[in-house]
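J.: I have a structure I would like to understand better, so I am pasting it below and will then ask my questions one at a time.
The values are calculated or read from the model by the stated rules, or taken from the named source; none is laboratory data. Not measured: the values here are computed from a predicted model. Note that each Cβ is placed from the backbone with ideal geometry, even for glycine, and that neighbours are counted across all protein chains shown.
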Amino acid sequence: MNISMLLDMAAEGFGDRVVIGRAEDGLSAARLRELAAGGARLVRAADADAIVYLAVNGPALPVSLFAAARAGVPLVPVNYRLGDAQLDALLANHPRALGIVDPEHGEALRRAGLPVRSPAEWLAQAAESAGPPVGDDPADSDAPAVLIYTSGTTSAPKGVVLRHHNLVSYVLGTVEFAGAGPDEAALVSVPPYHIAAVSNVLTNLYAGRRALTLEQFTPDGWLGLVREQRITNAMVVPTMLARIMDTDGLDRSVPTLRTLAYGGARMPVRVIEAALSEWPHVDFVNAYGLTETSSTITVLGPQEHRTAVESGDPAVRARLGSAGLPVPGVELEVRDASGAAVAPGETGQIWVRGEQVSGEYAGQGSTVDERGFFHTRDQGHIDTDGYLHIEGRADDTIIRGAENIAPAEIEDVLLGHPDVLDAVVVGVPDEEWGQRIEAVVVLRDGVTADANALRAQVRETLRGSKTPDRITRWPELPRTPTGKLIRRDIVEALTAESRQAVGRQG
């Protein structure tokens, strides 16, 4: 099945309903299908083998997604924050693509020799060619639908291949067709090169829910748009929710908001507890997934949030920090280093299997094992009730002496301090121990939490071997737009600081 089928169903099922953009001037499902057909004609006329999308989120993205599907080519949304050298290397992989690009990034595509259209030009030309999808021959279910380059927070970006059957399987397994009411509207605050941007186009369209995007996040801007557009469903990354909860003087009233989904990075427990208290009428959903899995593979639902907060049972309360239970059609395994499954509660590496799981990289092929499981490279455990608890990336593990230490455990303790807004723990090279534990914290304005007091809190909660050797204060931590910590930059900065300190001592 091609993802075009989802658009056809929407256009035929509720064609007059606005599904993209603002209520007053957005695109209906029927008009989106016409523009996608027009865009497909432009792709064929250019003899392009892909659409490269190097622009901010907006109506041009869903038109591009479905135009590519109609034309039988993949959409390649590209991170517009990459440097020139990275962009040039990435674009060299797509020499016959049609480029849709914001004016300030157009030079990169011109250097690559690609035909260039701005989002406005693309929409205007698609409108000129618009009409019913006559004579289309959309790609089959095994053809690539989207090629998304991973963020590269720990290594060079890799192109993840998502085929039509992966994306369609995810949508059909998690969303009820036309299940949204005519008044429902979703606000998505992630860039177009993130899997959540693509998956939200598909799931909201299939549900019949109007979707719009916020190009530049600020706490007051987000809150204002929620009220203005009467948003009922929203998706944020943890750093966004933290800023909304931690910024003083905001009008946090969101009377129409019914559901708030979050994901993309670990959510500090204190932040979700504050949000649950601030918005008791809102259903909170924690969604965990990866680009390689077509988005969400586990969900912690609204009632589970409330039960965890209200429970006096530590095991139940711990679920508030979990990623929840697998979505339909997804199987999880936690394995040790030898590949053997571990018992409930034991930490290991997380593997996942299901029709929505791709696990395929451009130029490398599939990385799933002989049983169809994909290695997420995340570490965690599954408790006795089946809830998945993420403990961080396997690559983030600190090896101090002969002990493996998960940074997430220490970060949780630091984030529990009332003066700490953000925290990260990393391993820094050390001649004696191999790696030493260092932490960086962001404090609330006006407070001066003592590093020794923070170290003492970790020692009291955990044990001496997990206590950071040093805690440094920074004004902010480097993160991707989707909230993921860029740990390699943190390690490099701390390592450089240590070398400078040694140099001064010498």
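J.: Take the conditions more than 30 Å from His305 (Cβ to Cβ) and within 23 Å of the chain's Cα centre (by Cα) and apply them to Ser358. Does it pass? Break it down into steps so the answer makes sense when it comes.
T.: On the way: more than 30 Å from His305 (Cβ to Cβ): no; within 23 Å of the chain's Cα centre (by Cα): yes.
Spelling it out, it is not the case that Ser358 is more than 30 Å from His305 (Cβ to Cβ) and within 23 Å of the chain's Cα centre (by Cα).
J.: Please verify whether the range 385-396 includes one or more residues that are modelled with pLDDT of 90 or more and either among the basic types (Lys, Arg) or over 24 Å from the mean Cα position of the chain (by Cα) (or both). Show your work before the answer.
T.: Step one: list which residues in the range 385-396 are modelled with pLDDT of 90 or more, which gives 385-390.
Restricting the remaining residues to those that are either among the basic types (Lys, Arg) or over 24 Å from the mean Cα position of the chain (by Cα) (or both) gives 385.
For the range 385-396, residues modelled with pLDDT of 90 or more and either among the basic types (Lys, Arg) or over 24 Å from the mean Cα position of the chain (by Cα) (or both): present.
J.: Go through the range 379-388 residue by residue and tally those that are surrounded by 20 or more Cβ atoms within 10 Å (Cβ to Cβ) and in contact (Cβ under 8 Å) with a residue 40 or more places away in the chain.
T.: Going through the range 379-388 one residue at a time, the tally reaches 4.
J.: So, of the residues in the range 273-309 that are surrounded by fewer than 22 Cβ atoms within 10 Å (Cβ to Cβ) and touching a Lys or Arg at 6+ places or on another chain (Cβ under 7 Å), which turns out to be farthest from Leu241 (Cα to Cα)?
T.: Glu304
J.: Let me ask another. Take the range 1-33 and flag every residue that is part of a loop (DSSP other than H, G, I, E, B) and free of Cβ contacts under 8 Å to residues at least 60 places away in the same chain.
T.: Initial filter on the range 1-33 (part of a loop (DSSP other than H, G, I, E, B)): 1-3, 15-17, 21-26.
Residues satisfying the conditions are Gly15, Asp16, Glu24, Asp25.
J.: Provide a single number: the residues in the range 310-325 that are surrounded by fewer than 22 Cβ atoms within 10 Å (Cβ to Cβ) and of a type in the set (Gly, Ala, Ser). Give the derivation first.
T.: So the first thing to find is which residues in the range 310-325 are surrounded by fewer than 22 Cβ atoms within 10 Å (Cβ to Cβ), and the list is 310-318, 320-321, 325.
Filter again for of a type in the set (Gly, Ala, Ser), leaving 311-312, 315, 318, 321.
Count: 5.
J.: Among the residues of the range 313-331, which ones are charged (D, E, K, R) and modelled with pLDDT of 95 or more?
T.: Quick first cut of the range 313-331, residues charged (D, E, K, R) only: 313, 317, 319, 331.
Within the range 313-331, Glu331 is the sole residue that qualifies.
J.: Looking at (1) farther than 19 Å from Tyr193 by Cβ; (2) touching a His at 6+ places or on another chain (Cβ under 6 Å), which is the only condition Ile3 fails?
T.: Of the numbered conditions (1) farther than 19 Å from Tyr193 by Cβ; (2) touching a His at 6+ places or on another chain (Cβ under 6 Å), the odd one out for Ile3 is (1).
J.: Can you tell me which condition Ala456 does not meet? The list is (1) within 23 Å of Glu391 (Cα to Cα); (2) of a type outside the set (D, E, K, R); (3) surrounded by 13 or more Cβ atoms within 10 Å (Cβ to Cβ), and all the others hold.
T.: Unmet condition: (3).
J.: Can you name the condition, by its number, that Val63 falls short on among (1) closer than 30 Å to Arg230 by Cβ; (2) β-branched (Val, Ile, Thr); (3) touching a Gly at 6+ places or on another chain (Cβ under 8 Å); (4) modelled with pLDDT under 95?
T.: (4)
J.: Which condition number does Asn2 fail, the rest of (1) at pLDDT below 95; (2) more than 19 Å from Val168 (Cα to Cα) being met?
T.: That leaves (2) as the condition not met.
J.: Any residue that is within 29 Å of Met245 (Cα to Cα) and touching a residue at least 12 places away in the same chain (Cβ under 8 Å) - is there at least one of those in the range 398-405? Steps first, answer last, please.
T.: Here is the first cut: in the range 398-405, the ones within 29 Å of Met245 (Cα to Cα) are none.
There is no residue in the range 398-405 that is within 29 Å of Met245 (Cα to Cα) and touching a residue at least 12 places away in the same chain (Cβ under 8 Å).
J.: Further question on the same structure: Out of Ala89, Ala124, Ala85, Ala97, report the one residue that is surrounded by fewer than 21 Cβ atoms within 10 Å (Cβ to Cβ) and modelled with pLDDT of 95 or more.
T.: Working: Ala89 fails: modelled with pLDDT of 95 or more; Ala85 fails: modelled with pLDDT of 95 or more; Ala97 fails: surrounded by fewer than 21 Cβ atoms within 10 Å (Cβ to Cβ).
Result: Ala124 is the single residue among Ala89, Ala124, Ala85, Ala97 that is surrounded by fewer than 21 Cβ atoms within 10 Å (Cβ to Cβ) and modelled with pLDDT of 95 or more.
Each row is one residue, and each column tells you yes or no for (1) in contact with a helix residue (DSSP H, G or I) (Cβ under 7 Å, 6 or more places away or on another chain); (2) closer than 23 Å to Arg266 by Cβ.
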{"residue": "Asp313", "(1), (2)": "no, yes"}
{"residue": "Gly324", "(1), (2)": "yes, yes"}
{"residue": "Glu346", "(1), (2)": "no, yes"}
{"residue": "Asp369", "(1), (2)": "no, no"}
{"residue": "Phe374", "(1), (2)": "yes, yes"}
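J.: Tell me, yes or no, whether the range 469-479 has at least one residue that is without any contact (Cβ under 8 Å) to a residue 24 or more places away in the chain, under 20 Å from Val491 (Cα atoms) and aliphatic (A, V, I, L, M). Steps first, please.
T.: Quick first cut of the range 469-479, residues without any contact (Cβ under 8 Å) to a residue 24 or more places away in the chain only: 478.
Pick out the ones that are also under 20 Å from Val491 (Cα atoms) and you get 478.
Now drop any that are not aliphatic (A, V, I, L, M), which leaves none.
No, the range 469-479 contains no residue that is without any contact (Cβ under 8 Å) to a residue 24 or more places away in the chain, under 20 Å from Val491 (Cα atoms) and aliphatic (A, V, I, L, M).
J.: What are the pairs with Cβ atoms under 7 angstrom where one residue, in the range 322-349, is β-branched (Val, Ile, Thr) and the other, located anywhere, is loosely packed, with under 14 Cβ neighbours inside 10 Å? Sequence gap at least six, or different chains.
T.: Final answer for the pair search is Val334/Ala341; Val342/Asp336.
J.: Any chance you could count how many residues in the range 33-81 are of a type in the set (D, E, K, R), surrounded by fewer than 24 Cβ atoms within 10 Å (Cβ to Cβ) and under 23 Å from Arg163 (Cβ atoms)?
T.: Initially, the range 33-81 is screened for residues of a type in the set (D, E, K, R), giving 33-34, 41, 44, 47, 49, 70, 81.
Checking which are surrounded by fewer than 24 Cβ atoms within 10 Å (Cβ to Cβ) leaves us with 34, 41, 44, 47, 49, 81.
Add one more test, that the residue is under 23 Å from Arg163 (Cβ atoms), and what stays is 44, 47, 49.
The total comes to 3.
J.: Name the residues in the range 401-453 that are of a type in the set (Lys, Arg) and crowded, with 18+ Cβ neighbours inside 10 Å, would you?
T.: Within the range 401-453, just Arg436 meets the criteria.
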